[in-house]
Amino acid sequence: MEMRPALHPVDLLVFGPHPDDLEIGAGGTVAKHTAMGLRVGLCDLTAGEMGSNGTVEQRLTEGEEARKVLGALWRVNLRWPDRAIGTQTEHGLAATELIREVRPKAIALPYWSDRHPDHVDASRVLADAIFNAALRRYNAEGEPWKPEMTSYYFINESTQPSFVVDVSEHYETK
């Protein structure tokens, strides 16, 4: 993980495997929460270097512009290698430490079933990181933290949801 400034605590932390995934799956939810005055942080796991939609630089620039439009406080990119999410133990550790640092009340992550293997891998690694962040004896930086709520969002595929967030008023922003 490259050096970055300390991040402010948030009410909602949204993880995306690649730049654009969290906008596709949870952009309306982010816009709704920021419009309600809640603090939202965004985290991309990769820079999307294997994708066919633009260059890494374009995707990172677009991601930052999207952050501003959606009203999130900050956006960070962990720069894990695209198409290799979860292949290094440092991946889960970095996500755990981010959770402990920003102490979110709620976390949104990709649904565990998707046609893109990176989305599936991200869901697994992040679910483990959320669990590990709460363990007092887990060897990671920061004080243990357990969010009040963890939810999953759909990117490419879906099933019957357990709940739906009405983002009708914020769909244009998404």
**Prompt:** So residue 60 fits all but one of (1) in contact with a strand residue (DSSP E or B) (Cβ under 8 Å, 6 or more places away or on another chain); (2) within 21 Å of residue 33 (Cβ to Cβ); what number is the exception?
**Reply:** (2)
**Message:** Can you pull out every residue in region 58-79 that is open to solvent by less than 60 Å² (accessible area, probe 1.4 Å) and part of a loop (DSSP other than H, G, I, E, B)?
**Reply:** 71, 72
**Prompt:** When you go through 55, 87 one by one, which is the residue that is open to solvent by 50 Å² or more (accessible area, probe 1.4 Å), free of Cβ contacts under 8 Å to residues at least 12 places away in the same chain and more than 24 Å from residue 133 (Cα to Cα)?
**Reply:** 55
**Message:** Among the residues that make up region 8-22, is at least one of them touching a Leu at 6+ places or on another chain (Cβ under 6 Å), open to solvent by 30 Å² or more (accessible area, probe 1.4 Å) and within 15 Å of residue 174 (Cβ to Cβ)?
**Reply:** no
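Table: residues versus (1) closer than 15 Å to residue 33 by Cβ; (2) surrounded by 15 or more Cβ atoms within 10 Å (Cβ to Cβ); (3) β-branched (Val, Ile, Thr).
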residue: 114; (1), (2), (3): no, yes, no
residue: 119; (1), (2), (3): no, yes, no
residue: 132; (1), (2), (3): no, yes, no
residue: 148; (1), (2), (3): yes, no, no
residue: 167; (1), (2), (3): yes, yes, yes
residue: 174; (1), (2), (3): yes, yes, no
**Request:** Would you check which residues across region 38-65 are touching a Pro at 6+ places or on another chain (Cβ under 8 Å) and under 24 Å from residue 104 (Cα atoms) and list them?
**Result:** 39, 41, 44, 45, 46, 47, 60, 63
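Is one or more of the residues making up region 7-20 of a type in the set (A, V, I, L, M, F, W, C), free of Cβ contacts under 8 Å to residues at least 12 places away in the same chain and not in a loop (DSSP other than H, G, I, E, B)?
So the first thing to find is which residues in region 7-20 are of a type in the set (A, V, I, L, M, F, W, C), and the list is 7, 10, 12-15.
With free of Cβ contacts under 8 Å to residues at least 12 places away in the same chain added as a condition, the list becomes none.
The answer is no; no qualifying residue exists.
The values are calculated or read from the model by the stated rules, or taken from the named source; none is laboratory data. All values derive from a computational prediction rather than experimental measurement. As a convention, Cβ positions derive from the backbone with ideal geometry for all residues, glycine included, and neighbour counts pool all protein chains shown. Only protein heavy atoms, including side chains, enter the accessible area calculation; ligands, DNA and RNA are left aside. Shrake-Rupley method; radii C 1.70, N 1.55, O 1.52, S 1.80 Å.
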